[in-house]
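Rule-based calculations on the coordinates, nothing more; no lab input. Quick caveat, the model's predicted, so the values are computed rather than measured. Cβ: placed from backbone, ideal geometry, glycine included. Neighbour counts: every protein chain shown.
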């Protein structure tokens, strides 16, 4: 009975991760379609390729996690898929609220600022995945300093996104920069500095100076 209960919890965790990833990816694809006017062909292609990668990470990770729950490879793959999907979503969310339909999305700057950090987290987890491949454990204790160094890089990359003066230009595809929109890290406004948005003159989204 304990074994069955543990199996159900694992299945529930896997389905929750897979379901959340699918939900985020679906919302992302909808936003990409709505934002297509502000995306060039290269960024649309890369976003599509990243979406396929999200499905691959989540699908393969779910299979491994269900069959071999003690192997961290499956869980890492699931998390990488979710993080990549989250980075794409927050980037497209910000593009919608700042360029496609300015002012239509709540907390657009704060949510958009997460796109770069989520991408950094995904890359770090991929490095950890390589270190623990194939059985979910380090090959030897000699690799522990590398693993700890990766954790430090993870913390540093995440903290960098919260530093004042950081310019938010997008996540994996730099979609905000491509649309001619960028803005200062929004949390600095709580420290007495305004995180104002900057629109390039060539941006089609900047129709009237007072609203920009």
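Quick check: the distance between the Cα centres of the stretch 78-103 and the stretch 117-150, to the nearest angstrom?
26
How much length, in nm to one decimal, is gained on full extension between residue 130 and residue 53, taken as 0.36 nm per residue of separation minus their Cα-Cα distance?
So the extension gain works out to 26.1 nm.
For a quick check: sort 39, 154, 138 by the number of other beta carbons within 10 angstrom, fewest at the front.
Listed from fewest to most nearby Cβ atoms, that is 138, 154, 39.
Could you list 144, 43, 137 so that the one with the fewest beta carbons within 10 Å of its beta carbon is first and the one with the most is last? Mind dumping the intermediate values first?
On the way: 144 11, 43 23, 137 14.
Ordered from fewest to most neighbouring Cβ atoms within 10 Å, 144, 43, 137 come out as 144, 137, 43.
How large is the Kirkwood hydrodynamic radius of the stretch 31-113, in angstrom, based on all distinct alpha carbon pairs?
Values: mean 1/r = 0.0718 Å⁻¹.
Value: 13.9 Å, from the Cα pair sum.
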